[in-house]
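Undergrad: Dropping a structure here in structure tokens format, bear with me for questions.
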Amino acid sequence: MSGFNSSTNGHPPRIGVFICHCGTNIAGKVNVPEVVEFARTLPFVAVAKEYKYMCSDPGQEMIKHDIQQYGLTRLLVAACSPHIHEETFRKVASEASINPFLFQMVNIRELVSWVTEDGHEATEKAKAMIRAAAKRVLFHDELEPKKYPVKPGVVVVGGGIAGIHAALVMADAGERVYLVEREPSIGGHMAMFDKTFPTLDCAACILTPKMTTVRRHPNITVLSYSEVVEVSGFVGNFKVKVKKKPRYVVEEKCVGCYECIEACVFKEPRFPNEFDLGLGKRKPIYVPFPQAVPPVPMIDPETCIQFRTGKCPKGCVNACGDRDGIDFDQKDEIVELEVGGIIVATGFDTFDASRLPYYGYGIYPNVYTGLEVERLLNASGPTGGEVLLRNGQKPQSVGIIHCVGSRDENTNRWCSRVCCMYSLKLAHLMKERTGAEVYNFYIDIRAPGKGYEEFYDRLLQEGVHFIRGKVAEVSDWAMTPDEENRLVIRVEDTLIGMVRRIPVDMVILSVGLEPQRDAQEVTKLFNISCSTGNWFMERHPKLAPVSTMSAGIYLAGACQGPKDIPDTVAQAGAAAAEVLALTHKSVIEVEPNTAFIDERYCSGCQICVGLCPYSAIYYDEEKKVAVLNEPLCLGCGVCAAACPSGAAQQHLFQDEQLYAEIEGALVGVG
Amino acid sequence: MDEQFEPKLIGILCNWCSYMAADLVGTSRIRYAPNIRIIRVMCSGRIESQLILWAFRSGADGVLIGGCNPGDCHYQEGNYKALRRVTLLKQMLPQFGIEPERLRLDWICASCAEEMRKTVEGFTAQIRNLGPLRLQTPPLLKPIKIEMEVSRHVEA
């Protein structure tokens, strides 16, 4: 049963304990030499050593050398979190021909030296944890990593610039890609922008060619107006269920002539277009924007006469004619995909400015958000690129308020990273298109990108006003004739140290970036975690910025944190490369922390059968025992906890191992 | 008692949320009381009552179980299974002479460093106030085969 016998051929085990200083990270708090002395007194410890950086080459070599020299059969490394270097030292063990699972990592950095004030206490805690591990490791078994074939294909969730770029990179490398987008068209936020900072490239000019390439790419399947509803399986072997929502226009039959839209019973667009944030109008049958991909219209059943009354002359159906592309009876369709990897690129949402009533959004008609102004500036937007106030006039003066919903402990504490730059861009475009006086109200200007500071300099030259101070309120309360019928921005100008009132015709709120409203549900769907503020959590903030804790699932773009377009594209490329590294392997190794059932002890009570979340255990009627279907087991250990006779166990977390660890951590510690 | 009683605590944390939070407390260099010894399991659903009782029997004055927030479990609903077990066990603890307050279950998300600190500090203070756990007759809790296994190895 226990590793004690199986791995030592009857000889007493010989444990090597290697304690890392991690520079001063551990040694600055923990008295390492004292811990080494202590480790030498523990049962079965054949050698205990310390080293400045155990993970470095010399450190690893020392361990390998000692394994040979002292004939070690078990290995213990006390250093950082197992999430960081467990793999490193397992590899060291196996290179020195010890089974890598006869090893235990002791986390004396994150759990001890970094969190303990007192050096003596930290030293005692480190000792206790090493004693616990030295006891636990006696019960480790030799294990082999589970090996599974990797399926080809990748699902990319989110068709913004991140998803598009990642999909193209992988498709060009020959990978089969399914790009899932919940909106009717791919393109994401970038498709809404007019220009991009700091180069002032037209967003459409650089994005739409990529969108059409996606559509034409033989290796990419675009599933637009679709959502992922279920994800099962594991790294290399995911099953993804996608729900295609009905657009009532059959994608395969549509040629994109848009005659149906022309022929709609509504001669003029009457309903707010979601893509234009309600600033423009559309018909019940529409494409969200001219460059939409796929270029297939959709019908909104909320506004379509046929759906509401069933008594429409159906101009769209007649216009489509023999192509027969309109189908009022279309239903949700479930598509099942089997892939090796997943990229989550679900992007961001903008801050809801009405949460800050003192800025007047939703109260005064000429208070806009930055994204709305992007639509006004866009040549294919609701005003054809002209910036007009609600009364149809051009603004004479514009105030741009930075950090709305960012860097504010009442809303979001983070810096949204893009607002300073897009505010500068909007300031430039406003001045260029309308000739208005433009005022920027900022806390700090953050322009830390290539060419960004230079762009800020350029704006300063262009005569845009910069006022440093957090705006107190926007109101229509005039105190002087000059302020009549205008919006007044009240602000403390912190550079001259006085409160100012600045009347303007138009206010632009530079709203910050927030996670998508349903970010929490998405994390549950994909089994990934959120960091502070609901941004998706990367496996490691520096060394694994596009991986997640769930193997085979990667992150790209702003869903992981606020990002501008260059960073998003770079990250999407990185995620694509990581997935390719996975799917181009024929076999994937998975941590062997699965369950196993010892038939000798199984009474056939079947408690585990009902508890297993993956239906990995079934009951063998003939033998009258529970049997594990190992490939389905993901290693939670619920069965091991529930089994009344101890027959169900979990590798790496067996009863004896945990009992020994707990006892070791406690006994003798004062 | 002139010297302040320092309790011995065991924290059994799930790999995905609460252990990550404990790691994050470290990387954020947030300090907390040194009394807790942390054991990692893959899921709070792995933690059985015997394991908790074994910790008390081995000298723990308190046991903290950390799992993912409801709905966030990496294994669908292991945390609910932990909740069921802990709720039941808490009702039985007085029969062993153990105050139910010595066992605590908390949901701590992977980014909840501050919450982790508060939980550990709060639990340590609570058990310090309760005083040491003095079990009269340590109940024999583990299956015999394991009992033998453990003692054989350790006394060898």
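The values are calculated or read from the model by the stated rules, or taken from the named source; none is laboratory data. Bear in mind that the values here come from a model prediction, so they are computed numbers and not experimental data. Here the Cβ is made from the backbone with ideal geometry for all residues, glycine too, and neighbour counts use every protein chain on show. Areas reflect the complete protein model, heavy atoms only, side chains present, ligands, DNA and RNA absent. Shrake-Rupley method; radii C 1.70, N 1.55, O 1.52, S 1.80 Å.
Undergrad: Please specify each residue of region A:120-160 satisfying the condition of being within 30 Å of A:Ala27 (Cα to Cα) and within 27 Å of the chain's Cα centre (by Cα).
TA: none
Undergrad: Among what's in region A:80-91 and is more than 12 Å from chain B (Cβ to nearest Cβ) and touching a strand residue (DSSP E or B) at 6+ places or on another chain (Cβ under 8 Å), pick the residue that is nearest to A:Leu652 (Cα to Cα).
TA: By that ranking, first place goes to A:Arg90.
Undergrad: Out of everything in region A:633-647 that is facing chain B (nearest Cβ under 7 Å) and either assigned to a loop (DSSP other than H, G, I, E, B) or charged (D, E, K, R) (or both), what residue ends up being most open to solvent (accessible area, probe 1.4 Å)?
TA: That would be A:Leu634.
Undergrad: For A:Gly347, all conditions in the list (1) surrounded by fewer than 20 Cβ atoms within 10 Å (Cβ to Cβ); (2) closer than 23 Å to A:Cys559 by Cα hold save one; what is the number of the exception?
TA: (1)
Undergrad: Could you please find all residues in region B:1-16 being closer than 13 Å to B:His74 by Cα and open to solvent by 10 Å² or more (accessible area, probe 1.4 Å)?
TA: Passing the criteria: only B:Trp16.
Undergrad: Has region A:92-109 got at least one residue that is under 13 Å from A:Cys20 (Cβ atoms), charged (D, E, K, R) and crowded, with 24+ Cβ neighbours inside 10 Å?
TA: yes
Undergrad: Among the residues that make up region A:238-252, is at least one of them free of Cβ contacts under 8 Å to residues at least 60 places away in the same chain and open to solvent by less than 70 Å² (accessible area, probe 1.4 Å)?
TA: Yes, the conditions are met somewhere in region A:238-252.
Undergrad: Within region B:15-41, track down each residue that is within 9 Å of another protein chain (Cβ to nearest Cβ), more than 16 Å from A:Ala132 (Cβ to Cβ) and in contact with a strand residue (DSSP E or B) (Cβ under 7 Å, 6 or more places away or on another chain).
TA: Those that are within 9 Å of another protein chain (Cβ to nearest Cβ), more than 16 Å from A:Ala132 (Cβ to Cβ) and in contact with a strand residue (DSSP E or B) (Cβ under 7 Å, 6 or more places away or on another chain): B:Asn15, B:Cys17.
Conditions tested, residue by residue: (1) acidic (Asp, Glu); (2) in a loop (DSSP other than H, G, I, E, B); (3) within 11 Å of chain A (Cβ to nearest Cβ); (4) in contact with a Phe, Trp or Tyr (Cβ under 7 Å, 6 or more places away or on another chain).
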| residue | (1), (2), (3), (4) |
| --- | --- |
| B:Ala55 | no, no, yes, no |
| B:Ala60 | no, yes, yes, no |
| B:Cys73 | no, yes, yes, no |
| B:Lys81 | no, no, yes, no |
| B:Val86 | no, no, no, no |
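Undergrad: Looking for something open to solvent by less than 20 Å² (accessible area, probe 1.4 Å), free of Cβ contacts under 8 Å to residues at least 24 places away in the same chain and either touching a Pro at 6+ places or on another chain (Cβ under 8 Å) or more than 14 Å from every other protein chain (Cβ to nearest Cβ) (or both) - is there at least one such residue anywhere in region A:506-524?
TA: No, every residue in region A:506-524 fails to be open to solvent by less than 20 Å² (accessible area, probe 1.4 Å), free of Cβ contacts under 8 Å to residues at least 24 places away in the same chain and either touching a Pro at 6+ places or on another chain (Cβ under 8 Å) or more than 14 Å from every other protein chain (Cβ to nearest Cβ) (or both).
Undergrad: Which of the residues spanning region B:31-47 are in a loop (DSSP other than H, G, I, E, B) and either of a type in the set (S, T, N, Q) or open to solvent by less than 40 Å² (accessible area, probe 1.4 Å) (or both)?
TA: B:Tyr32, B:Ala33, B:Pro34, B:Asn35, B:Met42, B:Cys43, B:Ile47
Undergrad: How many residues, within region A:119-131, are more than 7 Å from chain B (Cβ to nearest Cβ) and either assigned to a loop (DSSP other than H, G, I, E, B) or crowded, with 20+ Cβ neighbours inside 10 Å (or both)?
TA: 6
Undergrad: Any residue at all in region A:648-656 that is at pLDDT below 95, open to solvent by less than 10 Å² (accessible area, probe 1.4 Å), within 11 Å of chain B (Cβ to nearest Cβ) and in a helix (DSSP H, G or I)?
TA: The answer is yes; a qualifying residue exists.
Undergrad: What tally of residues in region A:257-279 results from selecting those that are surrounded by fewer than 21 Cβ atoms within 10 Å (Cβ to Cβ) and over 21 Å from A:Asp324 (Cα atoms)?
TA: Number satisfying all stated conditions: 11.
Undergrad: Additional query: Please give the strands (runs of 3 or more DSSP E) falling wholly within region A:502-597 in which 3 or more residues are more than 25 Å from A:Lys241 (Cβ to Cβ) and in contact with a helix residue (DSSP H, G or I) (Cβ under 7 Å, 6 or more places away or on another chain).
TA: Here the list reads A:506-511.
Undergrad: Another question, if that's okay. Can you tell me which of (1) open to solvent by 20 Å² or more (accessible area, probe 1.4 Å); (2) more than 14 Å from chain B (Cβ to nearest Cβ); (3) in contact with a helix residue (DSSP H, G or I) (Cβ under 7 Å, 6 or more places away or on another chain); (4) assigned to a helix (DSSP H, G or I) is the one A:Cys55 doesn't meet?
TA: The number of the failed condition is (4).
Undergrad: Is one or more of the residues making up region B:1-13 more than 8 Å from chain A (Cβ to nearest Cβ), touching a Leu at 6+ places or on another chain (Cβ under 6 Å), modelled with pLDDT of 95 or more and not in a helix (DSSP H, G or I)?
TA: yes
Undergrad: Where the second residue is of a type in the set (Phe, Trp, Tyr) and the first is closer than 30 Å to A:Met549 by Cβ and lies in region A:59-84, which pairs have Cβ atoms under 6 Å and are six or more apart or on separate chains?
TA: Every condition considered, the pairs that remain are A:Gly59/A:Tyr51; A:Gly59/A:Tyr53; A:Ile63/A:Phe18; A:Leu75/A:Phe103; A:Val77/A:Phe18; A:Val77/A:Phe89.
Undergrad: From the list A:Phe89, A:Phe101, which residue is in a loop (DSSP other than H, G, I, E, B) and touching a residue at least 24 places away in the same chain (Cβ under 8 Å)?
TA: A:Phe101
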